[in-house]
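Q: Sharing a structure here in structure tokens format.
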Amino acid sequence: MRSFLAGAFFVSGCGPDYTYPANTVPQSIQDICLKENNLAVKARVAGKTVGALLSINDLLDAKGQIPRAVHEKMGQVMQAVTRVALSTDLAIDFCEVIVRDRKYLNELVILRSLDDTKRANADAIGIEESINRTVFRQGKYRPVGRGNGNFILKEVKLEDFLAEQIAQRVRLGFARESREDAEETSSRFVLIEGSFDASHGERVFRFSTLSLQEENPHKTMLDIFHTASGVLKDYGFTDYGAIEIQDYLNRQKLTLDKETVLNYQAKRITDQEILDRYLTESQSVRDAFKLFGVSPSATEAAAEKN
Amino acid sequence: MFWRKLKLFWWNHWVKIVVVAWVVFIFWIPVAALRSIDSYQRSYMVAWLSTMGLQATISAVIFVVLYAWVLQGGLQKLKKRQVKSEGVNIHWKDVIGMEAAKMEARELVELIQDRARIKKIGGNIIRGMLMMGPPGCGKTYLAKAVATEAGIPFISMSGSEFVEVFVGVGASRVRQLFQKARRLAYAEGGCIVFLDEIDAVGRKRVFSAFGGTEETNSTQNQLLAEMDGLKEKDENVIVIGATNAAEDTLDEALLRPGRFDRKIFVDRPDLEEREALFHYYLSKIKFDESIDVARFARKAVRKSPADIANITKEAALIATRSKQDKVLAQHLSEAMERIDLGLKKNRKVSEKEMQITAYHETGHVIVTYLMHPTDDVFKASIIPRGPAGGVTYSLPKEDEMFRNRDWFVAQICVLIAGYVAEKVKFGVTSSGVSSDFQHAMRLAHYMVWSLGMGKTESLGDYTSIPADQLSGSVKDKLNAETHEIIQSCMRQVEDLLKKEHVIFDRFAQELIEKKELDYDEIEAIFKEYGKSNPRVASKYVPKGGPNK
């Protein structure tokens, strides 16, 4: 009986076989999308990132919104990519879905960590947190080669993913606050960009922000720092040297080394101590123009108003 | 030939083949289902299923532990009701009255103390004593006295403490109780287990045709087994049970010799005992020495010691509210009335209603006083109490075991006297007679149908025969006799009230004026018209005479 049970489990696939072997991953994604959702996609693997491209005719509707049908297709492709990524022996960390508009060269990118998917499956994180951990990117693309179906998939590094996620969280958080405080004149408007800079061997998370109508500029700095610290703690990411946050309009800069961030996470240092010790004057407004591509005159006028 | 062999094989082994095929099939279904899904989902599901097994195991362990704990008593573990004999401290002298029961109990104590001597002679040691009787008559008190006098520990439990929603808890508690009693007996030389309200577990067992039994059956079985166990192990544990249920409601196995060897009936106290009880409870409070305790003892007929204790407590409360420093006779009187008749109502009564009530109650008073062989009127009142507009408070001289035809007739006369009084005085009657009529009819029916007290003396209890087996003529005859009794009583009462119309009017006017008349006032009015109480015995004449 024991050998029968062992055999049954082995036959059922409890052994070390994978549904999608490493060499079949892109093709499997394409097959699943075609067979189950009737969607023609191109799939690629780059390092530990697997991605699929879906080309459609209208990414945005007349109001500039993403139509519901596109949302559904996007979800179906992400489901197929995730499904294959979960059941393969290929080491995958990130799943990416790119939806491109053939006519207007607009693109929407959804990026998600495979570990986050596993956490969500196991109910270790809720739906809202799961959405917060998914990076959405929108922009223009340049066609590669002939035809719209070609694309180059870049491998995603965890630090870049985290920088993007932190910036997105701050953006969404401030947008939500602005909606809640819509009737108040002091609502915040914040532009933020996040990146991970390892070019000078320093490994720094950089967050650059333009914060308008700010009555308490220190609060914005702290909010960004809280978000960054929380995300890094949640992911247990420590392979960095510092976090740098610059508010160009309010001329302030917060630079914290890893030790300080870890101390803050361990509640050994307070917000006020961070401000007292690490808040300095930032670069001028003009230095930020290049970064955000904002018209100098408009920004300066806003800065003067503040 | 091959097919024949195959068929033979099938006939011989078809059950095994079907079972094996079924097992393979039911194993194959999940295997096939798992194979059809992605490896990640498969691993996830297998992992999840394995944790399910763990969860089920943990749940099962928790359930088993909890169930075992509940069987051991759980939250309601056997309460520490063990009391040392010196802690009880109730001696024979504190047990008032119940001489017969006390004598039996004394004997039991002697047997407990002289255990060695009895064994030497070869006699059987008493294992149990069952005390029966109405509630509040001192069964528990007597048991405590037994414990004090025997000088051994005393464990008290109520029968209801063995009853729980969980199956097996009752039996478990019985085991715990006797285990504890045995240990105490081992250490202290003996132990008394007192099971109050033993009828909760000692009722006749019910056996189901389907093999199931009630939970109380297993509790009782355990009790029987433990009591038998005492005999086998020769431990000095005596079980005293108390119940106010009738003996025939208890299980026969419980009553047989060797379990409850002795049965003591602890009855309500008689007149002398009630007087002693009044003295005992009054001695615990400050009271007026001139109180005629004998009269209150007379008034407290059919009352238990607990009732008498309650009356004295209530009297003390009334005295406190009246800002008196001691209990007076009027306080005791008021306490008794409050307990027996209920609180007075402040309902406004019209002049006409008051008159009708006064004459109605007067009818009851006169007929009771002049016709009733045993009952005395202690109070007449036209102050509303409860649903009644007025009340005539009469009590028998003493509890009697048997009642004769005269008593029944007098009782019916008293009951319908209110109706007759209204009819004689006003020509019309009110709805206030309904309750009186109900009781009167029931008594007359009982006399004729059950006691053979009808005019033609139709002997036998006709109520024991199903109604459809009685002929119409028999029923008609019995009903006619019942009717005749009522009519006869009515004529007697009417004659009496017409004859005594002066006293009748006088009483009614007194009632309208004073609203209430007490024993002494009633006696005085009758004496004024030359009517003496035919039932008064010299011992119970109030101190200083009835006019006091």
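The values are calculated or read from the model by the stated rules, or taken from the named source; none is laboratory data. Worth saying up front: this structure is predicted, and the values here are computed from it rather than measured. Here the Cβ is made from the backbone with ideal geometry for all residues, glycine too, and neighbour counts use every protein chain on show.
Q: Of the numbered conditions (1) buried (at least 17 other Cβ atoms within 10 Å of the Cβ); (2) in contact with a helix residue (DSSP H, G or I) (Cβ under 8 Å, 6 or more places away or on another chain); (3) in the same structural domain as B:Gly97 (by TED's automatic domain parsing), B:Val365 fails exactly one; give the number of that condition.
A: Unmet for B:Val365, out of (1) buried (at least 17 other Cβ atoms within 10 Å of the Cβ); (2) in contact with a helix residue (DSSP H, G or I) (Cβ under 8 Å, 6 or more places away or on another chain); (3) in the same structural domain as B:Gly97 (by TED's automatic domain parsing): (3).
Q: Quick check, is B:Asp267 in contact with a Cys (Cβ under 8 Å, 6 or more places away or on another chain) and either within 25 Å of B:Gln179 (Cα to Cα) or in contact (Cβ under 8 Å) with a residue 24 or more places away in the chain (or both)?
A: yes
Q: Search the stretch A:227-238 for residues that are in contact (Cβ under 8 Å) with a residue 40 or more places away in the chain and pair each with any residue that is crowded, with 19+ Cβ neighbours inside 10 Å and of a type in the set (S, T, N, Q) when their beta-carbon atoms are under 8 Å apart and the residues are at least 6 apart or on different chains.
A: Final answer for the pair search is A:Val231/A:Gln165.
Q: Under 6 Å by Cβ, and 6 or more places apart or on different chains, what pairs join a residue from the stretch A:33-47 that is farther than 21 Å from A:Val70 by Cβ with one that is of a type in the set (Asp, Glu)?
A: A:Ala46/A:Glu155; A:Gly47/A:Glu155
Q: Can you say whether A:Ala120 is closer than 29 Å to A:Ala228 by Cα, loosely packed, with under 15 Cβ neighbours inside 10 Å and either small (Gly, Ala, Ser) or free of Cβ contacts under 8 Å to residues at least 24 places away in the same chain (or both), as far as the supplied structure shows?
A: no
Q: Identify, please: which residue in the stretch A:19-49 is of a type in the set (A, V, I, L, M, F, W, C) and away from chain B (no Cβ under 14 Å) and is, among those, surrounded by the most Cβ atoms within 10 Å (Cβ to Cβ)?
A: A:Val41
Q: Out of A:Asp89, A:Asp93, which single residue is under 22 Å from A:Asn23 (Cβ atoms) and away from chain B (no Cβ under 14 Å)?
A: Numbers: A:Asp89 fails: away from chain B (no Cβ under 14 Å).
Just a single option satisfies the conditions, and that option is A:Asp93.
Q: Taking the stretch B:1-54 as the search range and keeping residues that are polar (S, T, N, Q) and in a helix (DSSP H, G or I), which one is nearest to the other protein chains (Cβ to nearest Cβ)?
A: My answer is B:Ser39.
Q: I want to confirm something. Restricting to the stretch B:251-266 and keeping residues that are at pLDDT 80 or above and in a strand (DSSP E or B), which single residue is nearest to B:Val201 (Cα to Cα)?
A: Result: B:Lys263.
Q: Right, here's the next one. Only residues that are modelled with pLDDT of 70 or more and exposed (fewer than 10 other Cβ atoms within 10 Å of the Cβ): list them for the stretch A:169-203, please.
A: Passing the criteria: A:Ser199, A:His200, A:Gly201.
Q: Show the residue pairs meeting these rules: Cβ distance below 8 Å; 6+ apart or different chains; first residue within the stretch B:237-261 and surrounded by 23 or more Cβ atoms within 10 Å (Cβ to Cβ); second residue part of a loop (DSSP other than H, G, I, E, B) and among the acidic types (Asp, Glu).
A: B:Ala242/B:Glu197; B:Thr243/B:Glu197
Q: Would you confirm whether any residue within the stretch B:240-254 is among the hydroxyl-bearing types (Ser, Thr, Tyr) and more than 21 Å from B:Ser158 (Cβ to Cβ)?
A: In the first step, residues of the stretch B:240-254 are kept if they are among the hydroxyl-bearing types (Ser, Thr, Tyr); the result is B:243, B:249.
From the residues that got through so far, the ones that are more than 21 Å from B:Ser158 (Cβ to Cβ) too are none.
Taking every residue of the stretch B:240-254 in turn, none turns out to be among the hydroxyl-bearing types (Ser, Thr, Tyr) and more than 21 Å from B:Ser158 (Cβ to Cβ).
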